[in-house]
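The values are calculated or read from the model by the stated rules, or taken from the named source; none is laboratory data. Predicted model only: the values in this text are computed from it and were never measured. Heads up, the Cβs are rebuilt from the backbone with ideal geometry, glycines too, and the neighbour counts pull from every protein chain shown. Note: areas computed on protein heavy atoms with side chains; ligands, DNA, RNA excluded. Shrake-Rupley method; radii C 1.70, N 1.55, O 1.52, S 1.80 Å.
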Amino acid sequence: MIEQRLHELRESLRASPIDDGVRAQILACVFDAEATGDAVLIAKAHVVLAEYHFSKGQQDQTVSIAERALAAAAGKAPREEADLLYLLGRTSMALTDVTSSLSYFERAIAILQEHSIDGVVKVYLRYGEALGKARRFADAAHMLEKALRSYEAINDVYGAINCCNRLTLHYIHTGMYAKAMEYAYESLTLLDAEPNDGQKASAFKSLCIIHTRLGMLPRAIEYGVRGLDVSRRVHGPLPQADMLGCVGDAYYRSGDVGAALHYFTEAAAFYQQGGSKIGQGFVYTSLAVAYRDGGKYDDALKLVDQVIDIFTTGNYTLGLAAATLIKVSILIHMGLLDDADALLTTIVADESTEPQTALDIYAARVTLADARGDATSAARYRLLLQRLSVHVFSNEAITEALERFRSRELPRRGSDLPTLDHLFSTSTSIPAPPPPKPIAAPIAPITASAPTLSPSFTITTFGSFVVRRNGEEISPEQWKRKKARDVFKYLLLRYRRSVTPEEIITALWGEDADVDACIPTLQNSVSFIRTALEPHLKPRQPSSYLVFRDGAYLLDFKDAAEIDLFTFLSTLDDRRNETSTEQQISMLTAATQLYTGDLLPDDRYDDWTAPMRDECKERCIEALLELSQLHFDTGNTTDGTAAVRRVLQLDDTYEEAYEVLISELLRTGRSSDAERVFESAKKAYQREYNSLPPSTIASLVSKR
């Protein structure tokens with residue numbers, strides 16, 4: 001009887017708003033449970049009481065109740081013990097105590113796994129979020145994707161949607177926009193089966209942000225407006241405010257300042273209505289940028305100073321750093337370089353710094369150094385920017401960051417900006433722009449009279465994953481589901497080989513996945529792949545490229561595809577049969593030029609990609625070393641040195657590459673360059689292994 005009451009009360013906590021009488025009913029259950037002396041029942045009651053206080057935002061009471069209950073439940077009620085640890089983990093997250101939250105989630109996972117209790121997947125999800133807050137981005141992505149696979153394995157569509165949206169935000173935060181786009185489209189596809197306006201608004205907002213940052217502004221505006229329509233059906237003003245701000249950003253980047261100001265002021269009003277000072281700070285940040293770019297520096301400074309006050313009061317450190325950097329950019333535009341420099345020193349760039357913040361800090365430093373004619377400092381900070389381009393951001397994002405600080409090169413927009421008093425006047429409003437025109441579908445239908453042509457495919461796997469059909473990229477929208485892309489990638493690495501459904505499911509869903517439960521999702525993914533490759537394939541018409549035969553799937557494009565992975569491998573294999581030095585150099589050069597980065601870099605944390613990725617990287621390094629030696633043997637020092645330097649770009653702790661490069665530099669009398677290479681080796685080995693370079697490298701420099 002008590003358990004049934006507790007179950008009903010727990011369900012009522014999910015309602016919004018929570019009934020004021022619920023607490024009294026929970027306390028009555030706690031009293032009745034304690035009267036029984038049943039440790040498990042007492043723990044269950046305290047879990048519900050702690051959840052009540054958590055749902056009311058009363059973190060101190062939540063911690064106090066949960067910790068007392070945890071001590072009583074330890075070793076007696078493992079499920080309740082895990083529930084309490086999970087709740088303490090979430091509470092610690094709300095209190096920004098990330099270290100404690102990680103510990104609580106890890107203990108909860110250990111208990112659930114030890115006792116084979118279901119429910120571990122929700123802990124994976126929150127644990128992944130905590131890892132992201134701790135800036136352990138690789139671990140966070142791995143855990144969130146593990147949660148997604150677990151939800152898919154139990155056919156929990158809503159859980160999978162939640163994971164997709166959180167993964168989308170994670171990859172936006174780390175600048176991996178292609179990956180973020182995949183998960184956003186995945187979420188929208190799943191929402192067709194499990195409608196939820198809140199999650200749909202979140203997916204549209206993410207797509208608006210992604211397309212804005214990629215410069216695909218018409219599509220960004222379309223997604224933003226669609227998201228705004230959905231957010232109006234969601235309870236409360238804050239979802240609408242978020243969407244209005246995103247649409248405003250897209251319009252601003254497109255150059256339509258008037259439309260941007262309309263959406264920004266609307267967003268500010270909704271944030272004020274919802275009582276979100278932080279939200280208002282975001283809007284004022286965007287407005288400060290608009291007034292800065294319009295040359296109205298005094299108004300821009302007034303706005304950004306308001307933002308700094310809001311974020312300081314709210315202890316929002318990430319937003320505070322971003323606002324401070326905007327103020328730095330305004331001061332640089334005004335020519336107040338000393339003031340900008342002094343303000344910039346208040347922001348520290350280290351391993352804990354958010355990637356976007358680090359990008360802007362280094363861009364500001366480059367701009368200041370250039371303005372002062374300090375070439376040495378400018379070169380140093382450009383090197384740091386280059387490292388960010390390798391590990392996080394695209395070259396385009398870095399160029400854009402530099403432009404934010406370069407007043408002379410920045411195009412002026414909005415010279416007719418209204419005064420701030422007029423902008424926020426309640427008696428006036430900026431008219432809304434006309435609704436955006438719908439974006440045309442990526443592929444137009446073929447008329448009945450159109451000739452049927454055999455398509456050709458170009459598949460890129462190094463540095464990024466792109467499939468082009470007749471020169472047009474197959475978009476994430478056309479793949480429908482991220483899982484479809486994953487299945488395609490898995491089959492591609494096993495090209496022209498039969499692969500059973502069990503093998504695919506074990507690799508992509510996990511060894512513990514229920515194969516029978518995952519089969520429908522796999523079949524849907526295969527259907528999406530076939531449609532993406534052959535858009536006009538009729539229902540039940542067999543695919544030309546992906547077939548199911550004798551209980552296994554087989555991917556084979558016949559002669560219709562150029563795949564960089566297999567061209568790379570076959571060129572290296574064929575080169576072994578060549579005796580001509582000139583032909584060997586030509587083939588090694590062609591192969592290594594195909595290797596533009598890691599194999600399937602977006603999937604670097606998936607075990608099924610590791611063997612082939614490692615093999616390709618090692619073969620490229622071996623080919624580059626051999627190529628460098630062939631160049632040296634023929635007297636081509638420049639190309640030989642370039643080849644071995646590229647090895648060190650791929651692996652800056654590769655011992656043989658240092659030996660070859662330093663030896664060649666010393667042989668040609670470039671001892672200073674050899675010293676610099678050795679210093680780079682010392683830094684690399686210290687970073688990776690906390691040690692000095694091997695003695696074989698050091699001895700080369702000491703002998704000179």
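Might you check whether a residue that is without any contact (Cβ under 8 Å) to a residue 24 or more places away in the chain and of a type in the set (A, V, I, L, M) occurs anywhere in region 290-307?
No, every residue in region 290-307 fails to be without any contact (Cβ under 8 Å) to a residue 24 or more places away in the chain and of a type in the set (A, V, I, L, M).
Which residue, of Leu169, Leu214, Leu190, is open to solvent by less than 40 Å² (accessible area, probe 1.4 Å), aliphatic (A, V, I, L, M) and out of contact with any strand residue (DSSP E or B) (no Cβ under 8 Å at 6 or more places or on another chain)?
Result of the check over Leu169, Leu214, Leu190: Leu190.
How many residues does region 270-288 hold that are closer than 16 Å to Pro418 by Cβ, out of contact with any Gly (no Cβ under 8 Å at 6 or more places or on another chain) and open to solvent by 10 Å² or more (accessible area, probe 1.4 Å)?
Total satisfying the criteria: 1.
Search region 186-198 for residues that are within 13 Å of Trp479 (Cβ to Cβ) and in contact (Cβ under 8 Å) with a residue 24 or more places away in the chain and pair each with any residue that is assigned to a loop (DSSP other than H, G, I, E, B) and open to solvent by 30 Å² or more (accessible area, probe 1.4 Å) when their beta-carbon atoms are under 8 Å apart and the residues are at least 6 apart or on different chains.
Thr189/Lys480
Would you mind stating whether Thr506 is surrounded by 16 or more Cβ atoms within 10 Å (Cβ to Cβ) and under 23 Å from Asp606 (Cβ atoms)?
yes
In region 678-693, which residue that is without any contact (Cβ under 8 Å) to a residue 12 or more places away in the chain and in contact with a Phe, Trp or Tyr (Cβ under 9 Å, 6 or more places away or on another chain) is most open to solvent (accessible area, probe 1.4 Å)? Steps first, answer last, please.
Looking only at region 678-693, we keep the residues that are without any contact (Cβ under 8 Å) to a residue 12 or more places away in the chain, and these are 679, 682-683, 686-687, 690-692.
Still in the running and in contact with a Phe, Trp or Tyr (Cβ under 9 Å, 6 or more places away or on another chain): 691-692.
On the way: Ser691: 44, Leu692: 128 Å².
Ranking the qualifying residues of region 678-693, first place goes to Leu692.
How many residues does region 176-230 contain that are at pLDDT below 90 and either of a type in the set (S, T, N, Q) or within 20 Å of Ala259 (Cβ to Cβ) (or both)?
Summing the residues that are at pLDDT below 90 and either of a type in the set (S, T, N, Q) or within 20 Å of Ala259 (Cβ to Cβ) (or both) in region 176-230 gives 4.
Quick one: what pairs do we get from region 627-640, first residue of a type in the set (Lys, Arg), second open to solvent by less than 30 Å² (accessible area, probe 1.4 Å), C-beta under 9 Å, 6+ apart or different chains?
That search, which allows pairs on different chains as well, returns nothing.
Can you tell me which residue is least open to solvent (accessible area, probe 1.4 Å) among those in region 315-361 that are modelled with pLDDT of 85 or more and among the acidic types (Asp, Glu)? Talk me through it step by step, then tell me what you get.
Residues of region 315-361 that are modelled with pLDDT of 85 or more, as a first pass: 320-346, 361.
When the remaining residues are screened for being among the acidic types (Asp, Glu), the result is 338-339, 341.
Details: Asp338: 112, Asp339: 85, Asp341: 38 Å².
Residue satisfying both the conditions and the ranking: Asp341.
Here is a list of conditions, (1) touching a residue at least 12 places away in the same chain (Cβ under 8 Å); (2) farther than 26 Å from Gly132 by Cα; (3) of a type in the set (D, E, K, R), and Asp338 meets all of them except one; can you say which number that is?
Just one mismatch for Asp338, condition (1).
So which of Glu659, Glu675 is in contact (Cβ under 8 Å) with a residue 40 or more places away in the chain and either surrounded by 15 or more Cβ atoms within 10 Å (Cβ to Cβ) or more than 20 Å from Leu625 (Cα to Cα) (or both)?
Glu659
Which of the residues belonging to region 23-66 are outside any helix (DSSP H, G or I), open to solvent by 50 Å² or more (accessible area, probe 1.4 Å) and within 15 Å of Arg90 (Cβ to Cβ)? Spell out how you get there, then give the answer.
Quick first cut of region 23-66, residues outside any helix (DSSP H, G or I) only: 37-38, 56-58.
Checking which are open to solvent by 50 Å² or more (accessible area, probe 1.4 Å) leaves us with 37-38, 56, 58.
Once the filter is applied, which keeps residues that are outside any helix (DSSP H, G or I), open to solvent by 50 Å² or more (accessible area, probe 1.4 Å) and within 15 Å of Arg90 (Cβ to Cβ), region 23-66 yields Lys56, Gln58.
Per-residue answers, yes or no, for (1) surrounded by 16 or more Cβ atoms within 10 Å (Cβ to Cβ); (2) within 12 Å of Leu491 (Cβ to Cβ); (3) touching a Cys at 6+ places or on another chain (Cβ under 7 Å):
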site: Ser525; (1), (2), (3): yes, yes, no
site: Leu533; (1), (2), (3): yes, yes, no
site: Ser544; (1), (2), (3): yes, no, no
site: Tyr553; (1), (2), (3): yes, yes, no
site: Asp559; (1), (2), (3): no, no, no
site: Ser570; (1), (2), (3): no, no, no
site: Asp574; (1), (2), (3): no, no, no
site: Glu578; (1), (2), (3): no, no, no
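Checking Ile154 against (1) open to solvent by less than 60 Å² (accessible area, probe 1.4 Å); (2) of a type in the set (Val, Ile, Thr); (3) touching a residue at least 40 places away in the same chain (Cβ under 8 Å), only one condition comes out false. Which one?
The single condition Ile154 does not satisfy is (1).
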